2 protein chains.
Amino acid sequence: MRVNGARLLADLHALREFGAAGVGKGVVRPAYSEADMAARAWIAQQMRDAGLRVEVDAMGNLFGLAEGPSVLVGSHSDSQPEGGWLDGALGVIAGLEVARAARDGGGPAVSVVSFQDEEGRFGVTTGSAVWSGHLSQEAADKLRDHSGVALGDARKVVPVTGQIDPARFTGFIEMHIEQGPVLDTSGERIGVVSDIVGIRDMKITFEGQQNHAGTTPMSLRRDAFQAVSAFNHALEERFANVVTPSTVWTIGHLSLHPNASSIVPGRAVFSMQWRDGDSDRLNRMEQIIRSVAQETAQARGMALSFGEMLGLEPVAMDAGLRGALEQSAQKHVPGAWRLMPSGALHDATNVSRLMSVAMLFVPSIDGISHAFEEDTAEADLVMGVQVLADAVATLGARSS
Amino acid sequence: MRVNGARLLADLHALREFGAAGVGKGVVRPAYSEADMAARAWIAQQMRDAGLRVEVDAMGNLFGLAEGPSVLVGSHSDSQPEGGWLDGALGVIAGLEVARAARDGGGPAVSVVSFQDEEGRFGVTTGSAVWSGHLSQEAADKLRDHSGVALGDARKVVPVTGQIDPARFTGFIEMHIEQGPVLDTSGERIGVVSDIVGIRDMKITFEGQQNHAGTTPMSLRRDAFQAVSAFNHALEERFANVVTPSTVWTIGHLSLHPNASSIVPGRAVFSMQWRDGDSDRLNRMEQIIRSVAQETAQARGMALSFGEMLGLEPVAMDAGLRGALEQSAQKHVPGAWRLMPSGALHDATNVSRLMSVAMLFVPSIDGISHAFEEDTAEADLVMGVQVLADAVATLGARSS
């Protein structure tokens, strides 16, 4: 089963024309926009040309269905407000090319999907969330975008054909750009995903005493910024024996009050987010975060409060599907691929509620995504789809 | 020379009625407001009743002049947008009471002043800045408040009589609430000011790499918040051998970009402010700040930039005036007073360009000022004015 690299790249460039914007190969194609709906009509035609039956559900998730049981391959074709040409689009066109290669080369039955609103104009991966039953259509319809438009109104442009029964699929494979710098830095060409990491996200507030920055001696201050800095410093030391090189944690948001150079900050509200593939580790990190925050507050005379914790559990990739991707990677790029977690969320997280899932990554140049500058070497794109196609061929051989 | 405590307190309460607002003894009396101008008319009448000749300059600085050479005692009677009843007002009424006590008790000639716009509706200590020649009237007139009103228009309500020649004054003494917690914490009742500290204030920017908080491993991040935290931590250690217990430094403003929990911050802009009574120490601290910032930037792959540095030099109090205050404090509250720097700016900073200056502090309950809750025990108010009066009496005895 050989993929046609020229056809693959031509389709990626053709799809990029819908919403082409910004520098480089930038794209502006948010969910349900004119560009998005035109792109989906074009994708539907490519599906038909590949011999697939097109179905669209109420959310606008677009399926190209093979006859009988089939493996589902795809991702999403909506983009960030300022996005690149590959994020999501690559996985959809890869599915299309693998379906064509399977048809041309006598491979197994392959269906293709482009989920809707993965980039979260209305929420987070809303299209696959509704399809998987994680979010009801009624609840989804009430979600509003930043300008106040309700999803229920936005989706009126969808040419609905009916709901698609997940039972017809034997598994789901999503190809994606890495969106991080690991493969680009190491020079490896393929990442086989071990798991999609779990996330914990919690607001923390230190409340001390707002004071005059000239008349308050250091020894009498209860400075909320100093508390955050001390907490952050202590946390790094306490995490050392718990984390792995894949674990990440971030203070990305910080708001000081009153935030003026002549006033000792009386209050600091900040975000603490941490991600890992192992639920136990996420929980141990939570205990450390709470302990260190409490110790810091106590040592510095601060009031401390924790906000509600957002938690998403890690999703392990299916051993069989993952094994097929690993073998294919080892065949095509021996020694130049790695098993790695996905630090970002993907539609596969939702789909894992319905069936076995797996993912593979190709490198992101300089680790950039969600930006016009996002790109991947063409040779890496073609190699990634070839690895995917051969993994699918193996699965077909097994199940037949 | 005995002050009349009941008369002093009655006058403070009477003055508070102009602009009385908020909780406790709160006051809203910004420069040139109706309440401020009415308060100044009332103060002018008290000056006349004390046998002083009232003069008002073009800025609205209000003087009650004794015959011949005299010591000038006072402060300001405008308030913060949300201020207390003592900040500034105390120094003016104290001057009035000392002038009356001197007249009643055969003391030296004492003139009284209430400077205009010390609280900076239009700038910083603008009334005394213009009187001292530090700021021209033309430049001052172009300053605008937060609602866009020019000082040149606001001061049209001033009943100008003419300019007041500083040469008639033998020195200036300003009594003020401490505006900090030192005396309240130690239980001491008087602070004799050694110097008004100098200030350095500089914006610092660390520019790293904005990244996805899920897909970017810790080892590949260039996180601008982490740079600020590391800088802050290293600074404390490096300052240890340079600072004194009176030195202060503050990171009061911090702005992260893009300031979102799921994004590694690419840029951090923050304020670094430090204050000390010694210019050399301020300069040594600046060198350390620049070095530590450069080392932090280098170690973490950050671009670094420094904003323009705001600098105000320390002002030492006059040895003679200060000595008189120290002797008077030791007589009235032996062992319960201290020599201390003023961490806040005052009109005395500007007046020091014209003549010898000195200041004394009374305790601020819980160190609070620039708030409705600002207060000082009545016994401390009376004691402070008595210490001031006896110091003035000593000066009169010397010069006569």
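The values are calculated or read from the model by the stated rules, or taken from the named source; none is laboratory data. The structure presented is a predicted model; accordingly, all values stated were derived computationally and were not measured. Using ideal geometry, Cβ is built from the backbone for each residue, glycine included, and neighbour counts are taken over all protein chains shown. Calculation scope for accessible area: heavy atoms of the full protein, side chains included, ligands and nucleic acids excluded. Shrake-Rupley method; radii C 1.70, N 1.55, O 1.52, S 1.80 Å.
With label points set 7 Å from Cα along Cα→Cβ, the inter-copy distances at A:SER136 are 7.3 nm, sorted shortest first.
Axis of helix B:224-239 versus longest Cα principal axis of chain B: the two differ by about 60°, to the nearest ten degrees. Comparing A:SER246, A:SER75, A:SER369 in a Gaussian network model of chain A where C-alpha atoms under 10 Å apart are linked, the largest mean-square fluctuation is found at A:SER246. Report, in whole Å, the centroid distance computed from the Cα atoms of region B:1-22 and region A:35-75. So the two Cα centres are separated by 82 Å.
Under 5 Å between amide hydrogens, built in the peptide plane, is the criterion, and for B:ALA371 it picks out B:GLY84 among residues at least 5 positions away or on other chains. A Cβ-based charge dipole, computed about the Cα centre of the protein assembly as shown with Lys and Arg at +1 and Asp and Glu at -1, lands at about 400 debye. Only protein heavy atoms count here, probed at 1.4 Å, and on that basis chains A and B bury about 3900 Å² of accessible area in total.
Between copies, the label points of A:VAL157, set 7 Å from Cα on the Cα→Cβ line, lie 5.7 nm apart, reported in increasing order to one decimal in nanometres. If you split all Cα-Cα distances of chain A into 10 Å bins from zero, what percentages do you get per bin, shortest first? Over chain A, the share of Cα pairs per 10 Å bin runs 5, 21, 28, 22, 13, 7, 3, 0, 0 percent.
Placing +1 on each Lys and Arg Cβ and -1 on each Asp and Glu Cβ, with no other charges, gives chain A a dipole about its Cα centre of roughly 460 debye.
Under 1.5 on a/c is rounded, so check that first for region B:113-247, then, if it is not, pick prolate when a/b is larger than b/c and oblate when it is not; a ≥ b ≥ c are the square roots of the alpha carbon gyration tensor eigenvalues. Oblate. For region A:71-111, the calculated P(r) over all alpha carbon pairs, in 10 Å bins from 0 to the bin holding the longest distance, is 32, 41, 20, 7 percent.
Here the dipole of region A:109-177 is about 120 debye; that uses its Cα centre as origin and unit charges on the Cβ of Lys and Arg (positive) and Asp and Glu (negative). The C-alpha atoms of chain A define a longest principal axis, and helix A:378-399 lies at about 70 degrees to it. Amide H contacts of B:ALA20 (H built 1.01 Å from N, in plane; Pro and chain starts excluded): B:VAL28 sit under 5 Å, all sequence-distant by 5 or more or on other chains.
Both radii are taken from the alpha-carbon atoms of the protein assembly as shown; with Rh as the Kirkwood radius, Rg/Rh is 1.16. Secondary-structure-derived ellipticity at 222 nm for chain A, considering helices only, amounts to -11000 deg cm²/dmol, per-run term -39500 (n - 2.57) for DSSP H runs with n ≥ 4.
Annotation for region A:263-278 versus region B:150-199: alpha-carbon center distance of 41 Å.
For chain B, the longest principal axis of the Cα atoms and the long axis of helix B:34-49 meet at an angle of about 40 degrees. Mean partner shielding of peptide A:223-231, defined as the number of other chain Cβ atoms within 10 Å of each residue Cβ, is 4.
Taken residue by residue and averaged, Cβ atoms of other chains lying within 10 Å of the Cβ of B:199-207 number 1. Computed from the C-beta positions of A:VAL124 and B:LEU312, the FRET efficiency with R₀ = 45 Å rounds to 0.35.
Under a 5 Å amide H cut-off, with hydrogens placed 1.01 Å from N, B:ASP278 pairs with B:GLY198 among residues at least 5 apart or on other chains. Looking at chain A, the accessible area is 37 square angstrom per residue; that uses a 1.4 Å probe and ignores ligands, DNA and RNA. Only one residue of A:VAL192, A:THR250, A:PRO217 has its Cα farthest out toward the positive end of the dipole of region A:175-250, where Lys and Arg carry +1 and Asp and Glu -1 on Cβ, and that residue is A:PRO217.
Give the shape of region A:125-187 as rounded, prolate or oblate, defined through the alpha-carbon gyration tensor: a ≥ b ≥ c are the square roots of its eigenvalues, a/c under 1.5 means rounded, and otherwise the shape is prolate if a/b is larger than b/c and oblate if not. It is oblate, given that a/c is not under 1.5 and a/b is not larger than b/c. Distance from the Cα centroid of region B:97-122 to that of region A:338-400 is 80 Å (rounded to whole angstrom). Would you be so kind as to identify which of B:SER75, B:PHE231, B:GLN294 lies farthest towards the positive end of the dipole of chain B, taking Lys and Arg as +1 and Asp and Glu as -1 on Cβ and the Cα centre as origin? Going by the charge dipole, the pick is B:GLN294. Taking the label point 7 Å along Cα→Cβ, A:ASP104 and its counterparts in the other copies are spaced 10.8 nm apart, in ascending order. Largest mean-square fluctuation among A:ARG40, A:ARG168, A:ARG221, in a Gaussian network model of chain A whose springs join Cα atoms under 10 Å apart, belongs to A:ARG221. Taking the 1.4 Å solvent-accessible surface of the protein assembly as shown as the whole, the part contributed by carbon and sulfur is 50%. In order along region B:11-24, the Karplus-derived 3J(HN,Hα) couplings, from 6.51 cos²θ - 1.76 cosθ + 1.60 at θ = phi - 60°, round to 5, 4, 5, 5, 5, 4, 4, 7, x, 3, 6, x, 8, x Hz, and Gly and Pro are given as x.
Taking the average, over residues, of other Cβ atoms within 10 Å as the packing measure, peptides B:262-271, B:373-382 rank B:262-271, B:373-382 from highest down.
Derived scalar couplings between HN and Hα for region B:354-371 equal 9, 6, 5, 10, 8, 9, 9, 10, 10, x, 9, 4, 6, x, 7, 8, 6, 7 Hz in order, rounded to whole Hz, by the Karplus curve 6.51 cos²θ - 1.76 cosθ + 1.60 (θ = phi - 60°), x for Gly and Pro.
The residue among B:GLY106, B:ALA94, B:GLN116 whose Cα reaches farthest toward the positive pole of the charge dipole of region B:70-120, with charges on the beta-carbon of Lys, Arg, Asp and Glu, is B:GLY106. Across region B:335-344, coupling constants 3J(HN,Hα) worked out from phi with the 6.51/-1.76/1.60 Karplus curve, θ = phi - 60°, read x, 10, 9, 9, 7, 8, x, 9, x, 9 Hz, and Gly and Pro carry x. The mean count of C-beta atoms from other chains within 10 Å of the C-beta of residues in B:263-272, rounded to a whole number, is 3.
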